[in-house]
Amino acid sequence: MSIQSNLKSVLSEIPNHVLLVAVSKTHPISAIQEAYSFGQKHFGENKVQELLEKQASLPKDIHWHLIGHLQTNKVKYIVPFIYLIHSVDSLKLLKEINKEGSKNKRIINCLLQVYIAKEETKFGLDEDEINVIINELHNLPSIKICGLMGMASNTNNSEQVREEFRKLKKLFDKLQPIKKENFQLELLSMGMSSDYLLAIEEGSNLIRVGSSIFGSRDYSI
Ligand SMILES: *Cc1c(COP(=O)(O)O)cnc(C)c1O
(Lines give C-alpha, C1' and ligand atoms only; values in the text may rest on other atoms or scores of the structure.)
Protein backbone atom coordinates (compact mmCIF):
# COMPACT_ATOMS: atom_id res chain seq x y z
CA MET A 1 0.00 0.00 0.00
CA SER A 2 1.25 3.49 -0.82
CA ILE A 3 1.21 6.50 1.48
CA GLN A 4 -1.32 8.12 -0.82
CA SER A 5 -3.82 5.27 -0.66
CA ASN A 6 -3.34 4.87 3.10
CA LEU A 7 -3.98 8.57 3.60
CA LYS A 8 -7.05 8.44 1.38
CA SER A 9 -8.44 5.48 3.24
CA VAL A 10 -7.98 7.09 6.70
CA LEU A 11 -9.52 10.35 5.45
CA SER A 12 -12.48 8.49 3.96
CA GLU A 13 -13.25 6.94 7.34
CA ILE A 14 -13.28 10.10 9.45
CA PRO A 15 -15.86 12.88 9.63
CA ASN A 16 -15.01 16.37 8.37
CA HIS A 17 -14.75 17.94 11.80
CA VAL A 18 -11.92 15.61 12.82
CA LEU A 19 -8.40 16.89 12.22
CA LEU A 20 -5.87 14.29 11.09
CA VAL A 21 -2.29 14.70 12.30
CA ALA A 22 -0.01 12.39 10.33
CA VAL A 23 2.58 11.06 12.78
CA SER A 24 5.81 10.89 10.81
CA LYS A 25 8.27 9.97 13.57
CA THR A 26 11.08 7.65 12.42
CA HIS A 27 9.97 8.03 8.79
CA PRO A 28 12.15 9.85 6.27
CA ILE A 29 11.61 13.31 4.85
CA SER A 30 10.64 11.75 1.52
CA ALA A 31 7.64 10.07 3.17
CA ILE A 32 6.46 13.41 4.57
CA GLN A 33 6.93 15.03 1.16
CA GLU A 34 4.79 12.35 -0.38
CA ALA A 35 1.93 12.89 2.09
CA TYR A 36 2.34 16.67 1.73
CA SER A 37 2.03 16.42 -2.04
CA PHE A 38 -1.37 14.79 -1.52
CA GLY A 39 -2.53 17.73 0.56
CA GLN A 40 -1.65 16.64 4.10
CA LYS A 41 -0.52 19.73 6.07
CA HIS A 42 -0.50 18.58 9.71
CA PHE A 43 2.38 16.38 10.85
CA GLY A 44 3.33 15.13 14.31
CA GLU A 45 6.71 14.23 15.78
CA ASN A 46 7.63 13.02 19.25
CA LYS A 47 11.33 13.97 19.44
CA VAL A 48 12.58 17.54 19.30
CA GLN A 49 15.83 16.81 17.45
CA GLU A 50 14.04 14.88 14.72
CA LEU A 51 11.36 17.54 14.46
CA LEU A 52 13.98 20.29 14.02
CA GLU A 53 15.78 18.43 11.25
CA LYS A 54 12.56 17.78 9.36
CA GLN A 55 11.14 21.25 9.86
CA ALA A 56 14.31 22.83 8.47
CA SER A 57 14.14 20.97 5.19
CA LEU A 58 10.41 20.86 4.49
CA PRO A 59 7.88 23.46 3.24
CA LYS A 60 7.21 26.26 5.70
CA ASP A 61 3.43 25.97 5.50
CA ILE A 62 3.46 22.61 7.28
CA HIS A 63 1.76 22.71 10.69
CA TRP A 64 4.02 20.86 13.12
CA HIS A 65 2.61 19.15 16.19
CA LEU A 66 4.78 17.98 19.07
CA ILE A 67 3.11 14.88 20.49
CA GLY A 68 5.87 13.38 22.68
CA HIS A 69 7.20 14.24 26.12
CA LEU A 70 8.93 17.63 26.06
CA GLN A 71 11.87 18.50 28.31
CA THR A 72 12.01 22.10 29.52
CA ASN A 73 15.52 22.64 28.17
CA LYS A 74 14.31 21.87 24.63
CA VAL A 75 11.32 24.21 24.60
CA LYS A 76 13.31 27.10 23.12
CA TYR A 77 14.11 25.19 19.94
CA ILE A 78 10.52 24.55 18.89
CA VAL A 79 8.72 27.66 20.10
CA PRO A 80 9.65 29.78 17.04
CA PHE A 81 7.57 27.60 14.70
CA ILE A 82 5.49 24.98 16.56
CA TYR A 83 1.77 24.88 15.71
CA LEU A 84 0.51 22.86 18.68
CA ILE A 85 2.15 21.15 21.65
CA HIS A 86 -0.01 18.16 22.66
CA SER A 87 2.08 16.98 25.56
CA VAL A 88 2.05 19.58 28.32
CA ASP A 89 2.34 17.51 31.48
CA SER A 90 3.51 19.96 34.16
CA LEU A 91 3.15 23.55 35.29
CA LYS A 92 6.92 23.87 35.15
CA LEU A 93 6.88 23.02 31.44
CA LEU A 94 4.03 25.44 30.80
CA LYS A 95 5.96 28.25 32.52
CA GLU A 96 8.96 27.58 30.29
CA ILE A 97 6.79 27.56 27.14
CA ASN A 98 5.29 30.87 28.28
CA LYS A 99 8.74 32.39 28.81
CA GLU A 100 9.99 31.34 25.39
CA GLY A 101 6.71 32.29 23.74
CA SER A 102 6.99 35.81 25.08
CA LYS A 103 10.64 36.08 23.91
CA ASN A 104 9.48 35.06 20.44
CA LYS A 105 6.38 37.29 20.59
CA ARG A 106 4.24 34.23 19.90
CA ILE A 107 1.27 32.77 21.70
CA ILE A 108 1.88 29.05 21.87
CA ASN A 109 -1.07 26.69 21.45
CA CYS A 110 -0.98 23.85 23.96
CA LEU A 111 -3.02 20.83 24.99
CA LEU A 112 -2.88 19.47 28.51
CA GLN A 113 -1.95 15.80 28.46
CA VAL A 114 -4.19 13.85 30.80
CA TYR A 115 -3.23 10.56 32.36
CA ILE A 116 -5.95 8.06 31.44
CA ALA A 117 -4.16 4.75 30.88
CA LYS A 118 -3.72 2.02 33.44
CA GLU A 119 -0.01 1.85 32.60
CA GLU A 120 2.64 3.38 34.84
CA THR A 121 4.75 4.60 31.94
CA LYS A 122 2.46 7.17 30.39
CA PHE A 123 2.95 10.84 31.15
CA GLY A 124 0.08 13.11 32.03
CA LEU A 125 -1.78 15.26 34.51
CA ASP A 126 -4.68 14.40 36.77
CA GLU A 127 -7.69 16.62 37.41
CA ASP A 128 -6.23 18.24 40.54
CA GLU A 129 -3.05 19.20 38.70
CA ILE A 130 -5.12 20.66 35.88
CA ASN A 131 -7.02 22.81 38.36
CA VAL A 132 -3.75 24.12 39.78
CA ILE A 133 -2.69 25.04 36.24
CA ILE A 134 -6.00 26.79 35.53
CA ASN A 135 -5.45 28.96 38.60
CA GLU A 136 -2.00 29.98 37.36
CA LEU A 137 -3.05 30.93 33.85
CA HIS A 138 -3.29 34.67 34.55
CA ASN A 139 0.52 34.57 34.87
CA LEU A 140 0.97 32.84 31.50
CA PRO A 141 -0.15 35.28 28.77
CA SER A 142 1.99 33.73 26.02
CA ILE A 143 0.31 30.34 26.07
CA LYS A 144 -3.15 29.28 25.03
CA ILE A 145 -4.69 26.05 26.29
CA CYS A 146 -6.85 24.82 23.40
CA GLY A 147 -7.77 21.36 24.59
CA LEU A 148 -6.82 18.04 26.14
CA MET A 149 -4.81 15.07 24.92
CA GLY A 150 -4.78 11.50 26.12
CA MET A 151 -3.33 8.12 25.28
CA ALA A 152 -5.25 4.98 26.06
CA SER A 153 -3.59 1.82 27.36
CA ASN A 154 -1.77 -0.26 24.82
CA THR A 155 -4.15 -3.22 24.92
CA ASN A 156 -6.40 -5.23 22.63
CA ASN A 157 -9.20 -4.81 25.13
CA SER A 158 -11.34 -2.31 23.26
CA GLU A 159 -13.80 -1.96 26.13
CA GLN A 160 -10.98 -0.76 28.37
CA VAL A 161 -9.77 1.66 25.69
CA ARG A 162 -13.31 2.96 25.26
CA GLU A 163 -13.65 3.49 29.02
CA GLU A 164 -10.41 5.46 29.10
CA PHE A 165 -11.50 7.70 26.19
CA ARG A 166 -14.85 8.18 27.89
CA LYS A 167 -13.13 9.30 31.06
CA LEU A 168 -11.18 11.91 29.12
CA LYS A 169 -14.27 13.17 27.27
CA LYS A 170 -16.07 13.50 30.57
CA LEU A 171 -13.26 15.63 31.97
CA PHE A 172 -13.25 17.68 28.75
CA ASP A 173 -16.98 18.34 29.11
CA LYS A 174 -16.53 19.30 32.74
CA LEU A 175 -13.75 21.81 32.03
CA GLN A 176 -15.19 23.17 28.79
CA PRO A 177 -17.50 25.77 30.42
CA ILE A 178 -14.45 27.43 32.00
CA LYS A 179 -13.53 30.31 29.70
CA LYS A 180 -10.48 32.49 30.11
CA GLU A 181 -8.49 34.58 27.69
CA ASN A 182 -5.95 31.75 27.42
CA PHE A 183 -8.11 28.75 28.27
CA GLN A 184 -10.72 27.70 25.72
CA LEU A 185 -11.12 23.98 25.28
CA GLU A 186 -11.92 23.12 21.67
CA LEU A 187 -9.61 20.23 20.78
CA LEU A 188 -9.79 16.72 22.14
CA SER A 189 -6.72 14.85 20.89
CA MET A 190 -7.28 11.13 21.27
CA GLY A 191 -6.91 8.16 18.97
CA MET A 192 -4.00 6.53 17.12
CA SER A 193 -3.82 3.91 14.36
CA SER A 194 -5.25 1.13 16.47
CA ASP A 195 -8.10 3.05 18.05
CA TYR A 196 -8.96 6.25 16.14
CA LEU A 197 -12.44 5.15 15.06
CA LEU A 198 -13.28 4.24 18.61
CA ALA A 199 -11.83 7.56 19.82
CA ILE A 200 -14.00 9.49 17.35
CA GLU A 201 -17.06 7.60 18.56
CA GLU A 202 -16.18 8.77 22.05
CA GLY A 203 -15.81 12.42 21.05
CA SER A 204 -12.31 12.94 19.67
CA ASN A 205 -11.86 15.70 17.08
CA LEU A 206 -8.10 15.36 16.60
CA ILE A 207 -6.45 12.04 15.83
CA ARG A 208 -2.73 11.23 15.69
CA VAL A 209 -2.17 8.50 13.14
CA GLY A 210 1.25 7.10 12.22
CA SER A 211 1.56 3.48 11.12
CA SER A 212 -1.79 3.36 9.29
CA ILE A 213 -0.42 6.04 6.96
CA PHE A 214 3.35 5.46 6.81
CA GLY A 215 3.58 1.75 7.61
CA SER A 216 5.25 0.20 10.62
CA ARG A 217 8.23 1.84 12.28
CA ASP A 218 11.68 0.30 12.38
CA TYR A 219 13.38 1.48 15.58
CA SER A 220 16.55 -0.49 14.86
CA ILE A 221 17.88 1.90 12.23
C1 LIG B 1 3.61 7.34 17.82
C2 LIG B 1 2.47 8.08 18.40
C3 LIG B 1 1.22 8.10 17.76
C4 LIG B 1 0.92 7.33 16.49
O5 LIG B 1 0.98 5.97 16.70
P6 LIG B 1 0.46 4.90 15.57
O7 LIG B 1 0.09 3.73 16.35
O8 LIG B 1 1.62 4.68 14.67
O9 LIG B 1 -0.66 5.54 14.86
C10 LIG B 1 0.21 8.85 18.33
N11 LIG B 1 0.40 9.55 19.46
C12 LIG B 1 1.58 9.56 20.11
C13 LIG B 1 1.72 10.37 21.35
C14 LIG B 1 2.66 8.84 19.60
O15 LIG B 1 3.83 8.85 20.25
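The values are calculated or read from the model by the stated rules, or taken from the named source; none is laboratory data. Since we're looking at a predicted model, the values are computed, not measured. Virtual Cβ from ideal backbone geometry, glycine too; neighbours counted across all protein chains shown. Each accessible area value is taken on the protein alone, full model and side chains, heavy atoms only, with ligands, DNA and RNA left out. Shrake-Rupley method; radii C 1.70, N 1.55, O 1.52, S 1.80 Å.
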**OP:** Just name one of Gly150, His27, Cys110: the one whose Cα is farthest towards the positive end of the charge dipole of the chain (beta-carbon charges, Lys/Arg +1, Asp/Glu -1).
**Re:** Cys110
Original post:
Suppose every K and R has +1 on its Cβ and every D and E has -1 on its Cβ; what is the size of the dipole of region 65-221 about the Cα centre, in Debye to the nearest 20?
Top reply: 700 debye
Original post:
To the nearest 0.05, how large is the calculated FRET efficiency for Glu201 and Ser2 if R₀ is 25 Å and r is the Cβ-Cβ distance?
Top reply: 0.35
Original post:
When the helix-only estimate is applied to the chain (DSSP H runs of n ≥ 4, each -39,500 (n - 2.57), divided by the residue count), what is the mean residue ellipticity at 222 nm, nearest 500 deg cm²/dmol?
Top reply: -11000 deg cm²/dmol
Original post:
Ranked by accessible surface with a 1.4 Å probe, highest first, in what order do Lys180, Lys144, Lys118 come?
Top reply: Lys118, Lys180, Lys144
Original post:
At a probe size of 1.4 Å, how large is the accessible area of Cys146, to the nearest 10 Å²?
Top reply: 10 Å²
**OP:** Of the options Leu187, Phe172, Pro59, report the single residue whose Cα projects farthest towards the positive end of the charge dipole of region 49-203 (beta-carbon charges: Lys, Arg +1; Asp, Glu -1).
**Re:** Pro59
Original post:
So for Arg106, Arg208, Arg162, what's the accessible-area order with a 1.4 Å probe, most first?
Top reply: Arg106, Arg162, Arg208
Subject >> For Asp195, solvent-accessible area (1.4 Å; no DNA, RNA or ligand), Å² >> reply: 20 Å²
Original post:
If you keep only loop residues by DSSP, which GluC sites (Glu not before Pro) in region 58-123 have at most 12 other Cβ atoms within 10 Å of their Cβ?
Top reply: Glu119, Glu120
Subject >> Cα centre as origin, Lys/Arg/Asp/Glu Cβ charges: region 48-122 dipole, Debye >> reply: 340 debye
Subject >> Label-point gap, in nm, between His63 and Ile178 - each point 7 angstrom along Cα→Cβ >> reply: 2.5 nm
Subject >> Per residue accessible area in Å² of the chain, where ligands, DNA and RNA are left out and the probe is 1.4 Å >> reply: 49 Å²
**OP:** With no solvent and one equal point scatterer per Cα, compute the Debye intensity ratio I(q)/I(0) for region 29-155 at 0.10, 0.20 Å⁻¹ and report its log10, rounded to two decimals.
**Re:** -0.33, -1.14
Original post:
Over region 44-191, what relative contact order in percent results from Cα pairs under 8 Å that are six or more residues apart?
Top reply: 19 percent
Original post:
Going by the alpha-carbon gyration tensor, a ≥ b ≥ c the square roots of its eigenvalues, is region 180-221 rounded (a/c under 1.5) or, if a/c is not under 1.5, prolate (a/b greater than b/c) versus oblate?
Top reply: oblate
**OP:** Would you please state which residues of region 97-128 a label at Gln71 would reach in this model, taking the label point 7 Å out along Cα→Cβ and a backbone N cut-off of under 20 Å?
**Re:** 97-101, 121-124
**OP:** Please report, in debye to the nearest 20, how large the charge dipole of region 1-143 is about its Cα centre when each Lys and Arg carries +1 at its beta carbon and each Asp and Glu carries -1 there.
**Re:** 600 debye
Subject >> Debye equation applied to the C-alpha atoms of the chain, log10 I(q)/I(0) at 0.08, 0.09, 0.11, 0.15 Å⁻¹ >> reply: -0.27, -0.34, -0.52, -0.99
